[in-house]
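Q: Okay, handing you the structure first.
The values are calculated or read from the model by the stated rules, or taken from the named source; none is laboratory data. As the structure is a computational prediction, the values presented were derived from the model and not from experiment. We place every Cβ from the backbone using ideal geometry, glycine too, and count neighbours over all the protein chains shown.
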Amino acid sequence: MKTRLLSTLAVASAVGIAQSASIYVFATGNNAHDLQVVNTLNAAGHSATLGQGVASFINLSVISQYDSVYLQANYNYGFNWTAVQQQAMVDYVNFGGGLVTAEWVLWMTGASGFFQTMKSVFPAQETASWSTPATMVYVQATADAKMNAGVAGSFTCPISSIAGGTTHVPSVKAGATMFYSWNGIPAVAGWTKGNGRVVNFNTVNGVAQLTDVNFSRLLANSFDWATSNPPTGPGVTGKLVFAQNIGANPTTASFAYFDSVNGIGAGRVIGTIAANGDFTIPGPNVPGSYKLYVRSGHWLRKRVNVVTATSTTPNIGTITLANGDCNGDNVIDLSDYTIVVTAFNGILGSGTYDARADLNTDNVVDLTDYTIVVSGFNAVGD
Ligand SMILES: [Ca+2]
Ligand SMILES: [Ca+2]
């Protein structure tokens, strides 16, 4: 672990990346492209993981363990997520996750009417207008230490085409920042939403672009920017109880602080959870009253009120998390029921076993797991 950490730091230091983000990369189905993306981000000092296909469901319990998500719709622009699934991504951002998008996300929003729930977190205006320029001249529009690090103030980049190449984003939304422009319109836009940050690119970010030294650095920088700096003040200590679990507990949970008065995000932490549920996490840099949201695995999110201190770490006691949210969208409903039924009688290592359905972690999906979903049916997390 130490060797890996040191080598990661050395790489990060060499290219000047301020922090190393853990990034969940949605798979496009084009392996050469996906590998190029992962390699590009890792070479810049990040830790990128190739995840599930972009058209399939968002598993919030998985992605909430990552600092940032890369949503690529370049090779697959015919799908839409349900409103509940989109809301899960909105929540992920509001609770501190970073989101970076490549085209055709804004185009799907503007031309196909997709992502109508999720678009509230996009800093760029959606559009149906596009073209296929062979190259684009990126011009720095707003100075930002993280976005600009190692990137020329103006550079010409070959633009990939995947059934087209570039959307003509009309403008950024009020409160958003245009970091780079192309012919005066937004090429890279970003803003802060809740505890999280979102960046929209107006291009498909294919292999030709990723082999350009300035563009590959800009894409890596966007994750550096989108990944919120975790708070470093004194936080809280406590114990998590994972309801109806008889096996090993999750080893991590995500915690997000929101100001209890104005509701503004005050930092997100991925905390380490001891085998007995004990945890100690850092807190907002300004001590005070906060709403603290906790979630982990297939347990619903829970909100508790906490008061952080100047130099001590108050014990907030026991937080019990409700079980049964197999697909991690913070609701226990028919989707979760179906996951359990589909995996029923599955034993660890057998064909039908699905860890998401093994709610009590005893390596078998049976009546106990079924009962957990049924008894919690229609429950919604905080
Ligand atoms: Ca669910
Ligand atoms: Ca079980």
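Q: Take the residues of the range 353-382 that are of a type in the set (V, I, T) and touching a Phe, Trp or Tyr at 6+ places or on another chain (Cβ under 7 Å): which is farthest from ligand 2 (Cβ to nearest atom)?
A: V373
Q: Can you say whether L300 is aliphatic (A, V, I, L, M), surrounded by 15 or more Cβ atoms within 10 Å (Cβ to Cβ), closer than 30 Å to S68 by Cβ and in contact (Cβ under 8 Å) with a residue 60 or more places away in the chain, as far as the supplied structure shows?
A: Judged against the criteria, L300 is a match.
Q: Residues to consider are V307, V261, V286; find the one that is in the same structural domain as L240 (by TED's automatic domain parsing) and either free of Cβ contacts under 8 Å to residues at least 24 places away in the same chain or surrounded by 21 or more Cβ atoms within 10 Å (Cβ to Cβ) (or both).
A: Matching residue, one of V307, V261, V286: V307.
Q: So A355 clears everything in (1) over 19 Å from L321 (Cβ atoms); (2) within 29 Å of the chain's Cα centre (by Cα) except one condition, right? Which one?
A: Of the numbered conditions (1) over 19 Å from L321 (Cβ atoms); (2) within 29 Å of the chain's Cα centre (by Cα), the odd one out for A355 is (1).
Q: Just to check your reading of the model, which residue among A88, A55, A111 is closer than 30 Å to D259 by Cβ, among the small types (G, A, S) and in the same structural domain as T167 (by TED's automatic domain parsing)?
A: A88
Q: Please work out which one of (1) within 22 Å of D212 (Cβ to Cβ); (2) modelled with pLDDT under 90 is the condition N39 fails and give its number.
A: (2)
Q: Say we look at the range 317-345 and pick out the residues that are in a strand (DSSP E or B) and buried (at least 16 other Cβ atoms within 10 Å of the Cβ); which of these is nearest to ligand 1 (Cβ to nearest atom)?
A: Here the residue is V331.
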